[in-house]
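Data first, discussion second: the structure below is written as structure tokens.
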Amino acid sequence: MVTIHPSELAAKIQAGENIELLDVRTPAEFNAVHSEFAKNLPLNDLNAAEYLKVRPRADQPLYVICQSGTRGRKACEALQAAGGTSVINVEGGTAAWIAAGLPVVRGRQVISLERQVRIAAGSLVFASVLLGWFVHPYFLGLAAFVGAGLVFAGITDTCGMGLMLARMPWNRVRTATPASCPVPQNT
């Protein structure tokens with residue numbers, strides 16, 4: 001997979017290249033902070049084949065960014081599998097973009113999806129241990145299930161809890177663009 005460092009991408013923008021930067025984080029994460037040049041299409045809503053059919057500059061490279069690079073890599077893989085050529089993942093995602101001091105748009109701050117997963121997993125384990133101690137030992141099975149899920153997520157780099165949390169109402173943002181529209185509005 002081809003990657004690019006945020007500062008290299010910023011240099012292309014400063015040189016006058018008209019780039020297409022697709023941010024695949026949740027709308028809430030995107031609204032909290034994003035590159036000035038990005039448009040949002042969450043990974044959960046990405047229909048790679050449909051997006052490739054209607055993207056505005058099909059002959060130019062498509063740059064993909066997320067929070068730290070993992071969702072961006074998954075989006076790149078999906079776009080390439082659907083026939084996309086010249087799909088490039090931004091190394092380190094939005095976190096690296098910010099660390100490089102590049103321009104961003106800031107909005108209402110939210111808890112990142114990664115932190116939400118840690119909070120949810122920790123809460124489930126803590127509650128199951130308490131219930132196992134005070135109510136019935138069978139509740140310890142919930143802690144084992146969460147632990148197994150975290151191991152699976154680490155091995156496969158696919159987090160079921162993260163996918164579920166991304167669909168929660170607090171991670172959704174109402175926009176004028178219908179969710180089924182494959183080409184999101186520029187911000």
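Please work out which residue is most open to solvent (accessible area, probe 1.4 Å), limiting yourself to region 127-160 and to residues that are within 27 Å of the chain's Cα centre (by Cα) and aromatic (Phe, Trp, Tyr).
Step by step, filter region 127-160, then rank; the result is PHE145.
Among the numbered criteria (1) basic (Lys, Arg); (2) open to solvent by 40 Å² or more (accessible area, probe 1.4 Å); (3) more than 19 Å from VAL33 (Cβ to Cβ), which one does ARG71 miss?
Exception for ARG71: condition (3).
Which condition number does GLY101 fail, the rest of (1) part of a strand (DSSP E or B); (2) of a type outside the set (Val, Ile, Thr); (3) without any contact (Cβ under 8 Å) to a residue 40 or more places away in the chain being met?
Against the list (1) part of a strand (DSSP E or B); (2) of a type outside the set (Val, Ile, Thr); (3) without any contact (Cβ under 8 Å) to a residue 40 or more places away in the chain, GLY101 comes up short only on (1).
Take SER35 and tell me if it is more than 18 Å from ASP157 (Cα to Cα) and not aliphatic (A, V, I, L, M).
yes
Write out, first by first residue and then by second, each pair whose Cβ atoms fall under 7 Å of each other, whose residues are 6+ apart or on separate chains, and whose first residue, in region 48-74, is of a type in the set (Phe, Trp, Tyr) while the second is open to solvent by 30 Å² or more (accessible area, probe 1.4 Å).
TYR51/PRO182
Would you check if there is a residue in region 107-114 being in a helix (DSSP H, G or I), surrounded by 14 or more Cβ atoms within 10 Å (Cβ to Cβ) and either of a type in the set (D, E, K, R) or in contact (Cβ under 8 Å) with a residue 12 or more places away in the chain (or both)? Explain how you work it out, then say what you get.
From region 107-114, those in a helix (DSSP H, G or I) are 113-114; that's our starting set.
Now drop any that are not surrounded by 14 or more Cβ atoms within 10 Å (Cβ to Cβ), which leaves 113-114.
From what's left, either of a type in the set (D, E, K, R) or in contact (Cβ under 8 Å) with a residue 12 or more places away in the chain (or both): 113-114.
Within region 107-114, one or more residues are in a helix (DSSP H, G or I), surrounded by 14 or more Cβ atoms within 10 Å (Cβ to Cβ) and either of a type in the set (D, E, K, R) or in contact (Cβ under 8 Å) with a residue 12 or more places away in the chain (or both).
Identify all residues within region 33-60 that are out of contact with any strand residue (DSSP E or B) (no Cβ under 9 Å at 6 or more places or on another chain), open to solvent by 70 Å² or more (accessible area, probe 1.4 Å) and in a loop (DSSP other than H, G, I, E, B); write none if there are none.
If the condition is that a residue be out of contact with any strand residue (DSSP E or B) (no Cβ under 9 Å at 6 or more places or on another chain), open to solvent by 70 Å² or more (accessible area, probe 1.4 Å) and in a loop (DSSP other than H, G, I, E, B), then ASN47, ASP59 are the ones that fit.
From LEU79, LEU21, which residue is assigned to a strand (DSSP E or B), within 16 Å of the chain's Cα centre (by Cα), in contact (Cβ under 8 Å) with a residue 24 or more places away in the chain and at negative phi?
Of the residues listed, the single one that is assigned to a strand (DSSP E or B), within 16 Å of the chain's Cα centre (by Cα), in contact (Cβ under 8 Å) with a residue 24 or more places away in the chain and at negative phi is LEU21.
Of all residues in region 14-32, how many are open to solvent by less than 30 Å² (accessible area, probe 1.4 Å) and more than 15 Å from THR94 (Cβ to Cβ)? Let's see the steps before the verdict.
Going residue by residue through region 14-32, those that are open to solvent by less than 30 Å² (accessible area, probe 1.4 Å) are 19-30, 32.
Checking the rest, the ones that are also more than 15 Å from THR94 (Cβ to Cβ) come to 19-20.
Result for region 14-32: 2.
For VAL146, indicate whether it is at negative phi, modelled with pLDDT under 95 and part of a helix (DSSP H, G or I).
Values: at negative phi: yes; modelled with pLDDT under 95: no; part of a helix (DSSP H, G or I): yes.
In short, no.
Hey, can you tell me all the residues within region 31-42 that are touching a residue at least 40 places away in the same chain (Cβ under 8 Å) and closer than 21 Å to ILE4 by Cβ?
Our first condition is that a residue be touching a residue at least 40 places away in the same chain (Cβ under 8 Å); within region 31-42, this holds for 31-36, 38-42.
Hits for region 31-42 are VAL33, HIS34, SER35, GLU36, ALA38, LYS39, ASN40, LEU41.
Within region 82-98, work out how many residues are surrounded by fewer than 17 Cβ atoms within 10 Å (Cβ to Cβ), hydrophobic (A, V, I, L, M, F, W, C) and not in a helix (DSSP H, G or I).
1
The values are calculated or read from the model by the stated rules, or taken from the named source; none is laboratory data. Not measured: the values here are computed from a predicted model. All Cβ positions, glycine included, derive from the backbone under ideal geometry; neighbour counts span all protein chains shown. Side chains are part of the model used for accessible areas, which takes the heavy atoms of the whole protein and leaves out ligands, DNA and RNA. Shrake-Rupley method; radii C 1.70, N 1.55, O 1.52, S 1.80 Å.
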